[in-house]
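The values are calculated or read from the model by the stated rules, or taken from the named source; none is laboratory data. Remember, it's a predicted structure, so these values are computed and weren't measured experimentally. Glycine gets a Cβ as well: all are built from the backbone with ideal geometry, and neighbour counts include every protein chain shown. SASA here: full protein model, heavy atoms, side chains in, ligands and nucleic acids out. Shrake-Rupley method; radii C 1.70, N 1.55, O 1.52, S 1.80 Å.
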Amino acid sequence: MVDYRVLIRKRRLEKHLTQKQLAEMSDITQPYLYEIESGRKSPSIDVLAKICEVLEIKLFPDE
């Protein structure tokens, strides 16, 4: 199982995006994104889907 926090951060850095940029693109706040990446908070499925859409991550990859 993939840790979504690690994957989000890795893909964000690969795309040369700051937390603030990704947060704005995902319609969330930067502090909330920080808490998601650090594991302090878990995103709703809607927020996770939006972040994955922006980062071009398949939410449910083929098995």
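Things worth noting here:
- Checking each residue in the range 1-25 for being touching an Asp or Glu at 6+ places or on another chain (Cβ under 8 Å) and either open to solvent by 80 Å² or more (accessible area, probe 1.4 Å) or free of Cβ contacts under 8 Å to residues at least 40 places away in the same chain (or both) picks out 5, 9, 19.
- Where helices (runs of 4 or more DSSP H) fall wholly inside the range 1-42, the ranges with 1 or more residues that are small (Gly, Ala, Ser) are 19-25, 30-38.
- Count of the range 1-36 residues which are modelled with pLDDT under 95 and either within 10 Å of the chain's Cα centre (by Cα) or among the hydrophobic types (A, V, I, L, M, F, W, C) (or both): 6
- With respect to the conditions (1) open to solvent by 80 Å² or more (accessible area, probe 1.4 Å); (2) of a type outside the set (D, E, K, R); (3) under 11 Å from the mean Cα position of the chain (by Cα), residue 43 lacks only one, and its number is (1).
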